[in-house]
Each structure stands twice: as structure tokens, then as C-alpha cells.
Amino acid sequence: MKVPADPQNVVFVIDDDASLRESLSSLLRSIGLHVELFDSAAQFLKSKRPDVPSCLVLDVRLPGLSGLDFQTELIKNDVHVPIIFITGHGDIPMSVRAMKAGAIEFLTKPLREQDLLDAVQAGLDRDRARRESDKTVTELRSRYDSLTAREQEVIGYVASGLMNKQIAGEIGISEITVKVHRGNLMRKMGAKSLADLVRMVDTLGIHRPQL
């Protein structure tokens, strides 16, 4: 089967069992998913991966770095990819550790095909949502960075619901100047209402002073 050059999503499979890798690949490709196979965590790290929604089907027991230790390394390096663990030797402490660290699922071999497909779909959905959220934050941060220093100072007060007169008294400028800054920052942020601005400010983690 010819692999699409620009996949819409991708499932990475890391397992040192070649026959299982191929079996999983056939299953996932049968429902139209793009699949990339690796026999170790090291091989995965060396690869150039497409920047699309993805998830990782990861064997717990691998040569070199174990699946659980690899999960820890990914988190340390700020690599966000949802993980579905598979193992033939799982136990409760192992699964608890994996799930606490954010794994989508912990499946034991022999795998039930539908369980794996459901977990993979959940992983792709989670990564798609994270990417959308990151994109939104990046866009908002860019808008915030376009504000002047004074507008950045005023925005927290505006989002707190303070009137122009209150803000003016708080930061030592005239009421009319606050009104101008308010209008400018609302326009630059693309906020259609105060409630809209409050959501943006909270998303960016900007402090909202309270009098």
C-alpha cells in the first residue's frame, strides 16, 4: 500500500517484536491511519516525525530504555504525544504508574483489536484537541505582544471589570487616556465584549488586579 506523503494523522508503534509490529500496522492501516514502525525508543527519537495529530502505541518491555522510562523521558523533554501501552507482562503497579503519567490506556497482550482501535482514536482526539488549544494560546500571545507596555498594564484592570475612572486612579493617568487604551487593546486582542476579553486574559494567565 502506498503511504500518503502528507498524512492527516499518524500512529507510531514501538515494539521489538517484528511480527506484532506488522500485525498492528495492518490493523491500523485497514481503517485509513498512517502508521510508522520502530523497534526501539532510540530509533523513534532519531526519526523525523510529521507535525500532525498523533499517538504512540508503546510496548512496556523494550531493549534499552523501557516503555515506562521512555514515557518519563518524553514528559521531561516536553514531548506531547498520547501513549497507549501494550504488554504481555503487565501488573497493577505498572498500569497505575503509566496512567498517572497520562497514558491513554494500558492494554495486555493478546490485544483485542477493538480495544486498541478505540484507544488509538481517543489518543488522536486528545492530541488534536491539545494542538488546537496550543494554536489558540499562540495566537492570543501574539495579539498580547502587539499591545504597548501601557496597554498591557491596563488590560488586567479592564478584565477585572474596573471602570476607567478606577483604573486611572490606580495607575496615575487620566480617565480619557484609559478610555483610549481600553479601546485600542480591545481592538488589538479581537475581543468583542468584556466577557470575551476575560476569557482571553485567563487563558494567557494574566493577573487580574482586584481593588
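The values are calculated or read from the model by the stated rules, or taken from the named source; none is laboratory data. Here the structure is a predicted model, which is why all the values come from computation and not from measurement. Heads up, the Cβs are rebuilt from the backbone with ideal geometry, glycines too, and the neighbour counts pull from every protein chain shown.
Which residues, counting only those in region 168-186, are of a type in the set (A, V, I, L, M) and within 19 Å of Y144 (Cα to Cα)?
Going residue by residue through region 168-186, those that are of a type in the set (A, V, I, L, M) are 168, 171, 173, 176, 178, 180, 185-186.
Residues satisfying the conditions are V178, V180, L185, M186.
Among the residues of region 180-199, is there at least one that is surrounded by fewer than 16 Cβ atoms within 10 Å (Cβ to Cβ), of a type in the set (D, E, K, R) and over 34 Å from the mean Cα position of the chain (by Cα)?
For region 180-199, residues surrounded by fewer than 16 Cβ atoms within 10 Å (Cβ to Cβ), of a type in the set (D, E, K, R) and over 34 Å from the mean Cα position of the chain (by Cα): absent.
Give the residues of region 79-112 that are exposed (fewer than 13 other Cβ atoms within 10 Å of the Cβ) and part of a helix (DSSP H, G or I), sorted by residue number.
Those that are exposed (fewer than 13 other Cβ atoms within 10 Å of the Cβ) and part of a helix (DSSP H, G or I): I92, P93, V96, K100.
I'm told I75 meets every condition in (1) modelled with pLDDT of 95 or more; (2) in a helix (DSSP H, G or I); (3) surrounded by fewer than 20 Cβ atoms within 10 Å (Cβ to Cβ) except one. Can you identify the failing condition by its number?
Among (1) modelled with pLDDT of 95 or more; (2) in a helix (DSSP H, G or I); (3) surrounded by fewer than 20 Cβ atoms within 10 Å (Cβ to Cβ), I75 violates only (1).
Yes/no matrix, rows are residues, columns are (1) touching a helix residue (DSSP H, G or I) at 6+ places or on another chain (Cβ under 8 Å); (2) of a type outside the set (V, I, T):
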site: A18; (1), (2): no, yes
site: E22; (1), (2): no, yes
site: D39; (1), (2): yes, yes
site: V52; (1), (2): no, no
site: L65; (1), (2): yes, yes
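Could you please let me know if L147 is over 26 Å from the mean Cα position of the chain (by Cα), crowded, with 16+ Cβ neighbours inside 10 Å and in contact (Cβ under 8 Å) with a residue 12 or more places away in the chain? Steps first, please.
Values: over 26 Å from the mean Cα position of the chain (by Cα): yes; crowded, with 16+ Cβ neighbours inside 10 Å: yes; in contact (Cβ under 8 Å) with a residue 12 or more places away in the chain: yes.
Yes, satisfied.
Could you please let me know if I155 is β-branched (V, I, T), touching a Leu at 6+ places or on another chain (Cβ under 8 Å), under 23 Å from D16 (Cα atoms) and not in a loop (DSSP other than H, G, I, E, B)? Before the answer, list the steps.
Numbers: β-branched (V, I, T): yes; touching a Leu at 6+ places or on another chain (Cβ under 8 Å): yes; under 23 Å from D16 (Cα atoms): no; not in a loop (DSSP other than H, G, I, E, B): yes.
No.
Within region 179-197, how many residues turn out to be out of contact with any Lys or Arg (no Cβ under 8 Å at 6 or more places or on another chain) and assigned to a helix (DSSP H, G or I)?
Initially, region 179-197 is screened for residues out of contact with any Lys or Arg (no Cβ under 8 Å at 6 or more places or on another chain), giving 179-180, 182-187, 191-197.
Now drop any that are not assigned to a helix (DSSP H, G or I), which leaves 179-180, 182-187, 194-197.
Total meeting the criteria: 12.
Take the residues of region 2-45 that are modelled with pLDDT under 95 and in contact with a Phe, Trp or Tyr (Cβ under 7 Å, 6 or more places away or on another chain): which is nearest to V60 (Cα to Cα)?
Ranking the qualifying residues of region 2-45, first place goes to A41.
For the subset of region 162-178 comprising residues that are surrounded by fewer than 14 Cβ atoms within 10 Å (Cβ to Cβ) and outside any helix (DSSP H, G or I), which member is nearest to the chain's Cα centre (by Cα)?
Going through the qualifying residues, I end up with M163.
Does region 150-159 hold any residues that are surrounded by fewer than 18 Cβ atoms within 10 Å (Cβ to Cβ) and under 16 Å from L197 (Cα atoms), and which are they? It would help to see each step written out before you state the result.
Here is the first cut: in region 150-159, the residues surrounded by fewer than 18 Cβ atoms within 10 Å (Cβ to Cβ) are 150, 152-153, 156.
Hits for region 150-159 are Q152, E153, G156.
Can you work out which of the residues in region 36-67 that are more than 20 Å from the chain's Cα centre (by Cα) and among the hydrophobic types (A, V, I, L, M, F, W, C) is surrounded by the fewest Cβ atoms within 10 Å (Cβ to Cβ)?
If we take residues in region 36-67 being more than 20 Å from the chain's Cα centre (by Cα) and among the hydrophobic types (A, V, I, L, M, F, W, C), then A42 is surrounded by the fewest Cβ atoms within 10 Å (Cβ to Cβ).
Of all residues in region 78-114 being acidic (D, E) and either at pLDDT below 95 or touching a strand residue (DSSP E or B) at 6+ places or on another chain (Cβ under 8 Å) (or both), which is farthest from F44 (Cα to Cα)? Quick ask: steps written out before the conclusion?
Narrowing region 78-114 to residues acidic (D, E): 78, 91, 105, 113.
Checking the rest, the ones that are also either at pLDDT below 95 or touching a strand residue (DSSP E or B) at 6+ places or on another chain (Cβ under 8 Å) (or both) come to 78, 91, 105.
Details: D78: 15, D91: 25, E105: 20 Å.
Restricting to residues being acidic (D, E) and either at pLDDT below 95 or touching a strand residue (DSSP E or B) at 6+ places or on another chain (Cβ under 8 Å) (or both), the top hit is D91.
Within region 25-57, how many residues turn out to be without any contact (Cβ under 8 Å) to a residue 24 or more places away in the chain and of a type in the set (K, R)?
Count: 2.
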